[in-house]
Amino acid sequence: MKTRIAALGIALVLSFALNSCVVFRLGSIANEVFLGEPDYALAGEALPSFIKVSEIQRAASPNDQDAAVTLASLYLLYGTSYLEGEAFFLPYEDYEQRETLIARARALYARSYDLLSPFIEKKTPGLFSLDFQLGPDATDEAVRRAVSAMKPFKKGDAPLLYYCSAAIFAGFASNPLDFKNASRMAAAFTLLERALALDPGYSNGAIQELAFQIYLSLPADLGGSKEKAMEAYEQALRASGGKSAGLYVNYALSISAPEGDAAGFEEYLSKALAIPLDDRSDPRLLISLAQRKAAYYLKHSDEYVF
């Protein structure tokens, strides 16, 4: 079982952490000025202060679900885009620095889970301790109970479900040998699917983007499905109005590269780079972060497409 989890982790790391440009979005509760910042470096310098302010706000209202979701989203953004993001660009010989950044990111994913899981456990006691698998032939009673446990959640809970599942997936991608977190994968998948059902267009298709990668990364017996992945891609494309640079980068890496489609790889990365940063209503920070990776992948395309 541990060997299987490790093997799955390698696959998920390749598509979810290293070769992708997943950016966990702050959503409607975030400061629009922050998301509208086109300079990713400037935003990165300000983000730690923004996080500390959110921690103070969270401490003042420990039972406020929205405050917890806001803080968890900031942890995830900083971990995926700035800590693991910077580690990605470091040369191989800077191994120790890279591992330090990744370890810091992993700690933030754990913090995010610890923040959000109590709100989920309150409505679904014992969900994360259930031992169950997902898949087309799954009939286990634990699966039925886990899916049934999602019923108390409403549309307003979609951000909570999304970020909690994202924290588990990010932690697994970063360290698949963390068996405690790995045991939560089926629960994370269940949370993601419930979030999709409750608010499929949340934050311009953010949940659909995550679903696109997860459906592609996992095998069928754990809930993976290329058909569902492509459906999620189309939904995310519509919800974002074609302005999600990260979605195009993910497509290039998850679809074009594995198929050896060099032309498609270049096409989708070029689409990401072609999105202008002059519309203040767009999440320009997310576009800027994704375009940075798109430019790198385009320059090093021979390392990713065979």
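Here are the numbers for this structure:
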{"read-out": "Residue that is modelled with the lowest pLDDT [pool: residues in region 148-179 that are part of a helix (DSSP H, G or I) and surrounded by fewer than 17 Cβ atoms within 10 Å (Cβ to Cβ)]", "value": "SER148"}
{"read-out": "Selection within region 61-102 - more than 17 Å from LEU286 (Cβ to Cβ) and among the hydroxyl-bearing types (Ser, Thr, Tyr)", "value": "SER61, TYR92, TYR95, THR100"}
{"read-out": "Members of region 28-45 found to be at pLDDT below 90 and either touching a strand residue (DSSP E or B) at 6+ places or on another chain (Cβ under 7 Å) or among the aliphatic types (A, V, I, L, M) (or both), listed by number", "value": "ILE29, ALA30, VAL33, LEU35"}
{"read-out": "Residues (hydroxyl-bearing (Ser, Thr, Tyr) and more than 17 Å from ILE168 (Cα to Cα)) located in region 55-87", "value": "SER61, TYR82"}
{"read-out": "Residue among ALA68, ALA103 that is buried (at least 18 other Cβ atoms within 10 Å of the Cβ), more than 23 Å from TYR296 (Cα to Cα) and hydrophobic (A, V, I, L, M, F, W, C)", "value": "ALA68"}
{"read-out": "Check on SER254, among the hydroxyl-bearing types (Ser, Thr, Tyr) and in contact with a Gly (Cβ under 9 Å, 6 or more places away or on another chain)", "value": "no"}
{"read-out": "Residue count for region 191-219, restricted to those that are in a helix (DSSP H, G or I) and touching a residue at least 60 places away in the same chain (Cβ under 8 Å)", "value": "11"}
{"read-out": "Tabulated pairs, region 110-121, first in contact (Cβ under 8 Å) with a residue 12 or more places away in the chain, second surrounded by fewer than 24 Cβ atoms within 10 Å (Cβ to Cβ) and of a type in the set (Phe, Trp, Tyr), C-beta under 8 angstrom, 6+ apart or interchain", "value": "SER117/PHE128; ILE120/PHE128"}
{"read-out": "Among (1) in contact with a Ser or Thr (Cβ under 8 Å, 6 or more places away or on another chain); (2) at pLDDT below 90; (3) under 30 Å from PHE132 (Cα atoms) - the single one LYS2 does not satisfy", "value": "(1)"}
{"read-out": "Pairs where the first residue, in region 123-143, is closer than 23 Å to TYR215 by Cβ and assigned to a loop (DSSP other than H, G, I, E, B) and the second is at pLDDT 65 or above and of a type in the set (S, T, N, Q), C-beta under 9 Å, 6+ apart", "value": "ASP131/SER183; PHE132/THR190; LEU134/THR190; PRO136/SER225; ASP140/GLN133"}
{"read-out": "Whichever residue in region 271-303 is in contact with a Leu (Cβ under 7 Å, 6 or more places away or on another chain) and among the hydroxyl-bearing types (Ser, Thr, Tyr) and, among such residues, is nearest to TYR78 (Cα to Cα)", "value": "SER288"}
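Residues checked against (1) in contact (Cβ under 8 Å) with a residue 12 or more places away in the chain; (2) part of a helix (DSSP H, G or I); (3) more than 15 Å from the chain's Cα centre (by Cα); (4) more than 29 Å from ASP278 (Cβ to Cβ):
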residue: ALA68; (1), (2), (3), (4): yes, yes, yes, yes
residue: THR80; (1), (2), (3), (4): yes, yes, no, no
residue: GLU84; (1), (2), (3), (4): yes, yes, no, no
residue: ARG106; (1), (2), (3), (4): yes, yes, no, yes
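The values are calculated or read from the model by the stated rules, or taken from the named source; none is laboratory data. On a predicted model such as this, the values are computed, not experimentally measured, just so you know. Don't worry about glycine lacking a Cβ; one is built from the backbone with ideal geometry, like all the others, and counts go over all protein chains shown.
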